[in-house]
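To keep things clear, I will list the structure first and then write my remarks on it.
Each reported figure results from applying straightforward, stated rules to the coordinates on display, with no laboratory input. Owing to the predicted nature of the structure, the values given are computational and were not obtained by experimental measurement. We place every Cβ from the backbone using ideal geometry, glycine too, and count neighbours over all the protein chains shown.
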Amino acid sequence: MQAPMTVDLNLPEDRVGPRVRRASKRVWVGGVAIGDGAPIAVQSMCTTLTHDVDATITQIERLQEAGCEIVRVAVPDRRSGEALKEVVRRSILPVVADIHFDYKLALMALDAKVHKLRLNPGNIHNKDGVREVVKRAKEQGTPIRIGVNFGSIPDKVDGELRDDAQRMVDLALSEIRILEELNFDNIIVSVKAFEVPKMIAAYRRLAKAVPYPLHLGVTESGTLVSGSIRSTAGMSVLLYEGIGYTIRVSLSEDPVMEVRAAFDLLKSLELRDQGLTLVACPSCGRADIDLIPLAKIAEERLRALPVPMKVAVMGCEVNGPGEAKDADVGIAGGVGKGALFRKGKVVGVFPEAQLMDALLAEIDKILIENGKEPYSQKAPKSTHDGELTPGRSVPAGTRT
Ligand code: SF4
């Protein structure tokens, strides 16, 4: 008989849940702690013109409502630099000024009391200017993020032996050295790339090389679905290994979607808990309610839940309550009607048209039982009413 084949899978220790977070220094961005055991902070970036202060503030408020904790704004010119004071004064979130090349813009941002600078001292050619910026940032306690992006590192020279990840890491280390030589250590670092394996390798190596908290991201990751998947593919590996104290999911989308995607990623890894966690089945030929629009309606209406709650929307009673028994509350479809359940136990049966309201009323009950305000009156309206599950031409409950 042949001996069983042994395969070394090189698996991490047998554990359920992410690795203990990598130790790092603590950096404060306004009132938000980064690193040293702090919760992983969610960031986004405004798409507005920074000098359009009203539009920028409106977007910051929408981002904050979605859960964003730190917001970055671009400072490409003096006009944006001049607007920063007003943006910082009116912003509900800590503001990061994104600056390239011109140290004077960094000084303007410091004058405006921004909460963090994102700049690479290596791309500011005026070295006295760099010294002045760093001295002022130190006096004001303003942290600096060194943000290396693969797209902006120098071209490979002939005979270059280092791989791309190492070239990013080495550039980050040289930028860090410029700050450290000026006795500055209030630093956050990122080494982002579009290619996920490259980005993972760069962050892993950087995590071993520096004591600073790392900001994770996959650059130019794309539109909503493909960009969220690409970002998750890269960041989840690192987050699960305990690497990364702040994240941004970069999407070619309304930045509010970046925040939603970031929290879904963190909640999936059980690294943060916030508001709604929706458990929804994919529907199939057994479903007797229009499950897919119902799941979208539930997601939209419960988006602003004030406490963490797992809510299930299942297509049929055969598998519904049982498969979603971990959920705090949920609904499962039947023929033209559906069951309302709590922790897998059915607590009522309602016509399909009333199911969503019954779910909201049950959520209100749970909130009141826990000493919280009811939610249903504040719930956002749905934009999916009347939709059908894809592939079905008649409303649910009318199957013949
Ligand atoms: S819960 Fe029911 S409807 Fe949904 S996928 Fe499973 S079997 Fe199909």
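Evaluate the relative contact order of region 27-268 (contact order divided by residue number), counting alpha-carbon pairs under 8 angstrom at least 6 apart; express in whole percent. It would help to have the intermediate numbers written out before the result.
On the way: 471 pairs, mean separation 47.1, N = 242.
About 19 percent, as a whole number.
Based on the alpha-carbon gyration tensor of the chain, what equivalent-ellipsoid semi-axes (square roots of 5 times the eigenvalues) come out, in whole Å, largest first? Mind showing how you got there, number by number?
Details: eigenvalues 388, 145, 67 Å².
So the three semi-axes of the chain are 44, 27, 18 Å.
In the Gaussian network model of the chain, springs joining C-alpha atoms below 10 Å, which of Leu182, Leu105, Leu171 carries the largest mean-square fluctuation?
With Cα springs under 10 Å in the chain, the top fluctuation among Leu182, Leu105, Leu171 is at Leu182.
Can you sort Glu373, Glu61, Glu69 from fewest to most other Cβ atoms within 10 Å of each residue's own Cβ? Show your work: numbers first, answer last.
Numbers: Glu373 10, Glu61 15, Glu69 22.
Taking fewest neighbouring Cβ atoms as first place, the list is Glu373, Glu61, Glu69.
To the nearest 500 deg cm²/dmol, what mean residue ellipticity at 222 nm is calculated for the chain from DSSP H runs of n ≥ 4 alone, each contributing -39,500 (n - 2.57), summed and divided by the residues? Intermediate results must be reported in sequence, preceding the final value.
Values: 11 runs with 143 residues, N = 400.
Calculated mean residue ellipticity at 222 nm is -11500 deg cm²/dmol.
Can you give the convex hull volume per residue for the Cα atoms of region 304-345, as a whole number of Å³? All intermediate terms of the calculation are to be shown ahead of the outcome.
On the way: hull volume 2.7 nm³, N = 42.
Each residue corresponds to 65 Å³ of Cα convex hull volume.
Kindly state, as a whole number, the per residue volume in cubic angstrom of the convex hull around the alpha carbon atoms of region 276-378. Before the final figure, lay out each step's value.
Details: hull volume 8.5 nm³, N = 103.
With only Cα atoms used, region 276-378 gives 83 Å³ per residue.
Compute the length gained on full extension between Ser226 and Val307: take 0.36 nm times their separation in residues and subtract their Cα-Cα distance, giving the result in nm to one decimal.
Numbers: separation 81, 0.36 × 81 = 29.16 nm, distance 2.91 nm.
In short, 26.3 nm is gained.
Which percent, to the nearest 5, of DSSP beta bridges fully inside region 276-378 are antiparallel? Please report the intermediate quantities before stating the final value.
Values: 10 of 19 bridges.
Looking only at bridges with both residues in region 276-378, the antiparallel portion is about 55 percent.
Could you compute the FRET efficiency for Gln140 and Lys343, with r as their C-beta to C-beta distance and R0 at 41 Å, rounded to 0.05? Can you show the working numbers first?
Values: r = 51 Å, r/R0 = 1.24.
With R0 = 41 Å, the Cβ-Cβ based efficiency is 0.20.
What ranking do Glu270, Glu253 get, fewest neighbouring Cβ atoms within 10 angstrom at the top? Kindly include the intermediate steps, with their values, before the conclusion.
On the way: Glu270 10, Glu253 18.
Sorted ascending by nearby Cβ count, the order is Glu270, Glu253.
I want the antiparallel fraction of DSSP beta bridges within the chain, as a percent rounded to 5.
Numbers: 13 of 46 bridges.
Just about 30 percent of them are antiparallel.
Two decimals is fine: what's Rg over Rh for region 31-128, C-alpha atoms, Kirkwood radius as Rh? Mind dumping the intermediate values first?
On the way: Rg = 13.4 Å, Rh = 13.7 Å.
Rg/Rh for region 31-128 comes to 0.98.
Once label points are set 7 Å from the Cα along Cα→Cβ at both Leu388 and Asn126, what is their separation, rounded to one decimal in nm?
6.6 nm
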